[in-house]
Each structure stands twice: as C-alpha cells, then as structure tokens.
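*Asks:* This is the structure, below, for whatever I ask next.
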Amino acid sequence: VQIYLPIADLPVNIFVILAMGLAVGFISGMFGVGGGFLMTPLLIFLGVSPAVAVASVTSHIAASSCSGAITYWRRRAIDLALAFMLLAGGIVGTASGVWLFTALRAIGQLDITIGISYVVLLGTVGGLMVIESVRAILRTRRGKPVELRRPGSHTWLHGLPFKLRFKRSRIYVSAIPVCAIGFLIGFAGALMGIGGGFLLVPMLIYFLRVPTATVIGTSMVLTLVTMASATVMHAATNHLVDAVLALILMVGGVIGAQFGARAGQKMSGERLRLLLGLLVLAVGIRFALELVVQPEDLFSLRPLESGL
Amino acid sequence: MIGRALALLAALGVLAAATAPAAAERLVTSLSNHRVMVTSNFTGDELVLFGGIERDAQTVPRRGGYDVVITVTGPRQTLVTYRKGRVLGIWVNVDSRVFENVPSYLAVLANRPLDAVANAEILRRLQLGLDNVALPQRPSANIADSARDDPFRRAFLRLQGEHQLYREEANGVTFLTPALFRASIPLPAEVPVGTYEVDVKLFVDGGMIARATSALEVYKVGFEQFVTSTARDHGLLYGLATSMMALLTGWFASVVFRRD
C-alpha cells in the first residue's frame with residue numbers, strides 16, 4: 001500500500017517502512033540501543049532527504065527509549081540523580097546540535113557533515129567495540145574471569161572538582177565529565193539522528209564507572225529526554241519532522257524491540273557486543289564508501305532554504 | 001476518464017458550433033480536470049486536454065496543416081543546484097547556483113519536434129521548449145555561464161527531468177481530426193502543489209496564429225494538508241504533538257508487552 005509522506009514529499013510503501021521499523025526495533029531491543037544509527041541511514045538510502053530522516057528519526061527514538069525507560073523504571077534500575085545531571089548537559093547539547101544542523105543546511109553542507117560524522121563516529125566506536133569484545137571472548141576462552149568493573153582504579157576524571165555522590169549507582173564523581181558526556185550525546189543526537197545509546201553506555205561504564213545495573217536504564221532516560229526535545233526543536237526551527245513517517249517507524253520499532261529483547265537474552269554479553277560492533281562498523285564503512293567513491297551524479301538539486 | 005473525455009468532446013463540438021465568426025482560426029481548449037487533489041494514496045495523475053481549431057468560411061485554407069505546442073508551467077520555486085567536487089579525497093558540494101523563480105513543473109507537449117514547428121529564432125522569442133525556457137540564476141561570481149550550455153543549467157534540466165518534473169514530448173499532442181487534438185498532461189507523484197498555467201499555442205507554417213490559456217490547481221487535501229500546514233505554521237505545537245505521540249506509543253508498548 002502506497003502512502004504519501006507529507007513532509008518528506010515522497011510516496012512510500014507503508015509495509016517497507018513498517019518492516020524497517022520492525023527490523024531496526026528488533027536489533028535495538030537485542031542490543032539495548034535506540035537504533036537511530038541504523039534507522040537514519042536506512043531512510044537516507046530509501047530516498048528520504050538526510051535532513052528529514054534525521055529530524056523524523058529523533059521522535060522514533062524517543063518512542064523506543066520511552067518504552068525501555070518505563071520497563072527499567074519498574075525494575076528500579078534508573079539513577080535519576082545521574083540522569084538529571086546528564087540532562088543538564090544534554091539539553092544544551094541538543095540545542096547546539098539543532099542550531100548547527102540549521103546553519104549547515106543553510107550553506108548546503110548538511111549532508112556531507114552527516115556523512116563524515118557517521119564515518120568518524122561509527123568507525124571509531126564500532127572498531128573499539130569489535131576489538132574490546134574479541135579480547136573479552138578470547139579471555140573467557142582462556143578461562144580467565146572477565147573484568148567488568150574495577151572499582152579501585154581511578155582516572156584523572158576523578159580528580160576534577162564539583163564532586164557529587166550518586167547514591168543508586170554508588171559512584172562519587174565530578175559533575176564536569178557528567179555534563180560533558182550529556183552535552184556530547186545531545187549534540188551528536190540532534191545533528192546525526194542517533195539516540196546515542198551505543199555511545200553513552202560505554203562512556204558511562206568506562207569513564208564514570210557506572211555499574212551495569214543502572215547504566216542502561218539511566219542512558220534511556222537521557223535518550224528519551226534529548227530525543228523528545230530534539231523533535232520539538234527540529235519541528236520548531238526546520239519544519240522537517242514527518243509525523244506520518246515517524247508514527248509508522250515507532251509502531252514497527254516498539255514491536256520489533258520486544259522480540260529483539262527476547263532474542264538478546266539468549267546470547268552472551270561479549271558476543272552481543274561483537275555483533276553490535278560489527279554492525280556499527282558496517283554502517284560506518286557504508287558511509288565512507290559514499291564519501292570516497294565518485295558519485296554517479298556530481299550535481300544535486302535542493303529547494304532554497306528560507307533565511308538565506 | 002474515457003466517459004469524461006467523450007463528454008468534453010461533445011461540449012467542444014457545441015462550443016465550436018456556437019461561437020461567432022472570425023477572420024482567423026480560433027483555439028478552443030478544455031481540460032479534463034482543473035483541480036487535482038493530492039491525497040495520502042496519490043501516485044500521480046494524468047490530465048487530458050482537448051482542443052479544437054475553429055475556422056469559418058473566411059479563413060484562408062492552410063496547406064501545411066496545424067501545429068500545436070502546449071506548455072504547462074507549475075508554481076514558481078527557487079532551487080539550488082549543487083556541484084560536488086573532490087576535496088581531500090572526499091566528495092563535497094563545492095559550487096552552487098541559485099535558480100530564482102523557476103517553474104517547479106514544466107511540460108512542453110507538441111505534435112512534432114519543436115524545431116519542425118518553428119525556427120530557432122521564434123522558439124527562443126516565445127521561450128518554447130526546455131532549451132529556450134528562461135531559468136534566471138541569481139548573479140554569481142562568474143555570470144558569463146548563464147548561457148544555454150551552462151553546465152548548471154544542463155544539470156538542472158536533467159535532474160528535473162529525472163524526477164519527471166520537466167519534460168518535452170514531441171509526440172505529446174495527437175490530432176484526432178485536422179482541427180481537433182488531444183494531449184495528456186502527466187503529473188508525477190512528486191508534483192508540487194499550487195497553480196499551474198496551461199498555455200496552448202497554434203502554429204501554421206512556422207508562425208504562431210492563435211493562443212489559449214487556462215489554469216489548473218494541484219492541492220493537498222485532508223490529513224496531508226493538515227500535517228503539512230501545521231508543520232509549517234505551528235512548528236512548536238507540531239513538535240510537541242509529535243513528541244507526545246512518541247511518548248504515548250512508547251508507554252503503550254510497555255503496557256502491552258509487560259512481562260514482569
């Protein structure tokens with residue numbers, strides 16, 4: 001069934017979009033990430049303009065992280081104090097991201113910036129994840145226990161001022177890196193249409209030593225609020241959020257996530273991280289090819305953005 | 001569609017019979033539909049234009065026969081054409097041209113190739129055909145290249161053609177009788193909304209002798225229209241509503257799939 005997406009100005013097959021939502025939802029449920037880093041590129045490859053894709057996917061991620069956050073809230077696996085501190089940085093980051101998005105769009109360099117950001121971010125994160133998880137798998141093969149958290153080890157981050165105690169996570173860290181991480185996630189999320197879960201979770205674990213019990217739930221709260229506010233900001237400044245597209249993606253996404261979560265529980269953590277790492281890396285490489293290989297058509301056409 | 005077309009034909013016949021005598025040919029045209037609705041299942045449309053050439057006893061006989069060129073011009077739009085170039089090994093937009101107030105849709109339909117209808121000079125003066133249509137560019141650093149073989153202009157025409165928004169068809173007009181013709185105007189799914197001008201020109205022996213204009217309107221209706229206008233006019237409200245929708249969907253899912 002063909003339906004017409006009012007903002008993307010594109011007729012699409014509703015089942016294709018629904019299937020994409022289901023597939024990405026499955027993956028996001030399996031790995032406990034938002035799935036934006038997959039959904040945005042898929043929409044772009046489908047023909048939706050990068051700007052509309054980024055803006056619409058933010059609301060899709062808000063929906064999937066909302067259902068996740070509620071589940072974790074019931075299990076009391078959310079550190080609200082930490083989430084609020086991250087949010088303080090996150091909202092500022094989101095606003096800056098939307099501002100840069102608007103500015104780049106006005107000078108016609110938005111698509112390329114999204115492309116380069118994907119290559120750099122996904123390449124680095126994917127590569128690190130693959131290396132780390134392969135090491136972990138090899139370690140368990142050799143029979144050594146996996147070290148997940150080293151509570152005694154302190155880094156220079158712990159020497160910063162404005163220290164705060166986060167009771168539920170049982171950590172005592174400075175507010176500066178917490179806000180900085182929130183800022184980074186909000187910024188990247190608004191600019192690239194990613195929730196940032198796959199970035200945030202490792203950062204919280206490695207830099208702030210947040211325990212695994214609260215890390216995913218807390219990251220989902222941050223994702224939820226940054227993505228919901230990114231939706232509002234994108235809609236208010238760029239008028240690019242396609243609610244019809246977003247709704248179909250959401251419905252597919254939340255259903256897929258449930259099945260994904262069940263499938264994910266059957267796999268070991270290292271194996272999951274390896275798979276996720278490979279996936280992230282693959283998307284990064286796909287974007288890299290797009291940038292390096294000479295495009296078939298050197299010319300492109302865009303309506304002139306207002307305010308120029 | 002066929003029934004409507006036949007009714008049109010009949011109406012034209014009546015019109016042609018009823019009009020007052022004139023010295024030269026007169027052109028009477030009728031469109032199958034003046035209002036095209038873009039709904040959620042819109043995948044394009046096709047309009048039919050019928051035209052009759054009205055002659056009377058005083059009209060000189062034409063040996064060469066008639067030629068018809070129909071130009072359908074969509075609402076004006078300002079577009080930017082970007083050109084990619086290699087910078088530090090990656091392909092980025094390095095150059096651009098702004099095309100100001102150019103047609104968002106342009107169809108040129110004729111009964112034979114344009115250069116057979118009239119000579120290049122006349123075509124240029126009447127701006128007939130994709131080669132001759134005025135595509136004003138915003139003044140840029142090198143103004144010299146707004147000529148007809150400007151690569152940006154060529155790319156612009158090609159890209160619009162790929163989206164089926166610009167087209168030139170040398171066999172788009174069919175003569176049913178020597179004085180009666182029909183043409184179908186294809187509107188692709190991506191057709192922009194707004195008012196379209198339909199300009200029909202009648203040629204004899206390379207000269208234009210009559211002209212008829214009409215208009216049609218493409219508009220979004222129902223839910224599409226509501227979403228588009230809300231997104232544009234009440235961005236903040238629209239964003240809040242979309243966010244609420246996302247939160248509700250998420251909440252709903254967590255209730256439906258609750259396992260603990």
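No lab work stands behind these numbers, since they all come straight from the coordinates. What you see is a predicted model; the values in this text were computed from it and never measured. Cβ: placed from backbone, ideal geometry, glycine included. Neighbour counts: every protein chain shown.
*Asks:* Rounded, prolate or oblate for chain A? Axes are the square roots of the Cα gyration tensor eigenvalues, ordered a ≥ b ≥ c, and the cut-off for rounded is a/c under 1.5.
*Replies:* Prolate, because a/c is 1.5 or more and a/b exceeds b/c.
*Asks:* Further question: Would you work out if the protein assembly as shown is rounded, prolate or oblate? Take a ≥ b ≥ c from the square roots of the eigenvalues of the alpha-carbon gyration tensor; rounded if a/c is under 1.5, else prolate when a/b is larger than b/c, oblate otherwise.
*Replies:* prolate
*Asks:* Which ordering of B:S214, A:S133, A:S300 is given by a fewest-first count of other beta-carbon atoms within 10 Å?
*Replies:* Least to most surrounded, the residues fall as B:S214, A:S300, A:S133.
*Asks:* Determine ³J(HN,Hα), in whole Hz, for all residues of the stretch A:225-230 in sequence, where each value follows from phi through the Karplus function 6.51 cos²θ - 1.76 cosθ + 1.60 and θ = phi - 60°; x replaces Gly and Pro.
*Replies:* Per residue, the Karplus-derived 3J(HN,Hα) values read 6, 5, 6, 5, 6, 5 Hz.
*Asks:* Still on this structure, I have one more. In chain B, which longest range has no trypsin sites (Lys or Arg not before Pro) that are both DSSP loop (not H, G, I, E or B) and surrounded by at most 15 other Cβ atoms within 10 Å?
*Replies:* Here the longest run is B:149-257.
*Asks:* Oh, and also: In degrees between 0 and 90, to the nearest 10, how far off the longest principal axis of chain B does helix B:151-162 point, with axes built from Cα atoms?
*Replies:* Orientation of helix B:151-162: about 90 degrees from the principal axis.
*Asks:* Report ³J(HN,Hα) in whole Hz for each residue of the stretch A:285-295, in order, from the Karplus equation J = 6.51 cos²θ - 1.76 cosθ + 1.60 where θ = phi - 60°; Gly and Pro get x.
*Replies:* In residue order, the calculated couplings are 5, 4, 5, 4, 4, 4, 7, 8, 6, 4, x Hz.
*Asks:* Using only Cα atoms, find the angle between the long axis of helix A:80-106 and the longest principal axis of chain A, and express it within 0 to 90 degrees, rounded to the nearest 10.
*Replies:* 30
*Asks:* Here is a follow-up. B:K220's amide H: which non-local residues (gap 5+, or another chain) put their own amide H closer than 5 Å, with H modeled 1.01 Å from N in plane and none for Pro or chain starts?
*Replies:* So B:K220 has HN proximity to B:V38.
*Asks:* If you don't mind, there's one more thing I want to ask. Counting only C-alpha contacts under 8 Å and six or more residues apart, can you give the relative contact order of the stretch A:191-308 as a whole percent?
*Replies:* Relative contact order for the stretch A:191-308 comes out at 13 percent.
*Asks:* In addition: So for the stretch B:28-120, averaging the separation of alpha carbon pairs under 8 Å that are six or more residues apart and normalising by length, what relative contact order in percent results?
*Replies:* With pairs under 8 Å counted, the relative contact order is 26 percent.
*Asks:* Please list, in chain and number order, the residues 5+ apart from B:Q137 or on another chain whose amide H is under 5 Å from its amide H, with Hs placed from the backbone.
*Replies:* B:E100
*Asks:* Using modelled amide H (1.01 Å from N, peptide plane; none on Pro or chain starts), what sits under 5 Å from the amide H of A:V173, excluding residues fewer than 5 places away?
*Replies:* Correct list: A:L164, A:F166.
*Asks:* A further question on this structure: Angle, helix A:243-264 long axis vs. longest principal axis of chain A, Cα atoms, 0 to 90°, nearest 10?
*Replies:* 30
*Asks:* Using alpha-carbon pairs under 8 Å, 6+ residues apart, how would you state the relative contact order of chain B in percent?
*Replies:* Here the relative contact order equals 25 percent.
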